[in-house]
1. Restricting attention to the range 149-179, which residues are open to solvent by less than 50 Å² (accessible area, probe 1.4 Å), more than 19 Å from Ser119 (Cβ to Cβ), out of contact with any helix residue (DSSP H, G or I) (no Cβ under 9 Å at 6 or more places or on another chain) and not in a loop (DSSP other than H, G, I, E, B)?
2. Residues being out of contact with any Asp or Glu (no Cβ under 8 Å at 6 or more places or on another chain) and either in a strand (DSSP E or B) or free of Cβ contacts under 8 Å to residues at least 60 places away in the same chain (or both): count how many of those fall in the range 41-60.
3. Quick check on the range 8-27: of everything there that is open to solvent by less than 80 Å² (accessible area, probe 1.4 Å) and under 18 Å from Ala39 (Cβ atoms), which residue is farthest from the chain's Cα centre (by Cα)?
4. Are there any pairs, at least 6 apart or on different chains, whose C-beta atoms fall under 6 Å, with the first in the range 155-166 and hydrophobic (A, V, I, L, M, F, W, C) and the second open to solvent by 40 Å² or more (accessible area, probe 1.4 Å), and if so, which?
5. What's the total number of residues in the range 75-111 that are touching a residue at least 40 places away in the same chain (Cβ under 8 Å) and either in a helix (DSSP H, G or I) or exposed (fewer than 14 other Cβ atoms within 10 Å of the Cβ) (or both)?
Amino acid sequence: MSTHIRPAVVLTLLLCALTGLVYPGLVTGLAQLLFPWQAHGSLVRANGRVVGSALIGQPFSRPEYFHPRPSAAGAGYDATASGGTNRGPTDRKLADTLVAGAVAAAVREDGAVLGHVPSDMATASGSGLDPDISPANAGLQVARVARARGLPADEIRAVLARHTAGRQFGFLGEPRVNVLLLNLALDSLAPLAPAHASP
């Protein structure tokens, strides 16, 4: 029996060292070397301080800012409670409360037309932390943001166009707009008064 136990223990320890120490250490080292910004959380800085991550959405509710898609993570964009609503398309609460409320807000705030509200303007993502919105969603918000900032809508559209990313590698995913980066670009274009500076 000892002839079987010793190799089993040695193999277990060797595999633990390889998969628990060597491999993670190698991957971490390569990530730090090849992708330092991503390896450190894709942190976004403004005025010398970290204001968020390009990978994690955050709430913006003031009319001067583009708003993210709805979030079901905790009270909204809570990274400790990431998740969707777990409600299916036939769930009445999802349709009657959550989606209907988001559609009503889009109609009221952004002048959206019923039946033509982009899906990401009315529904949360699977994680509840999606940092991006669709160009159609952002396009509907241009007039509100321009009005609230006192800027021409064409100027806001130009900033939006510069911050619209295409499909990854030309064929993966959909075009998208990172809400945090877009709002920071707007603040650098026309800073808000201190009373309005926090989202």
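1. Residue satisfying the conditions is Ala158 alone.
2. Step one: list which residues in the range 41-60 are out of contact with any Asp or Glu (no Cβ under 8 Å at 6 or more places or on another chain), which gives 41-45, 47-56, 58-60.
Filter once more, keeping what is either in a strand (DSSP E or B) or free of Cβ contacts under 8 Å to residues at least 60 places away in the same chain (or both): 41-45, 47-53, 56.
Residues meeting the conditions: 13.
3. Gly25
4. From the range 155-166, the pairs are Ala165/Arg176.
5. 3
The values are calculated or read from the model by the stated rules, or taken from the named source; none is laboratory data. Note that the coordinates shown come from a computational prediction; the quantities given were computed from them, not determined experimentally. Using ideal geometry, Cβ is built from the backbone for each residue, glycine included, and neighbour counts are taken over all protein chains shown. Note: accessible area is taken over every heavy atom of the protein model, side chains too, but ligands, DNA and RNA are not part of it. Shrake-Rupley method; radii C 1.70, N 1.55, O 1.52, S 1.80 Å.
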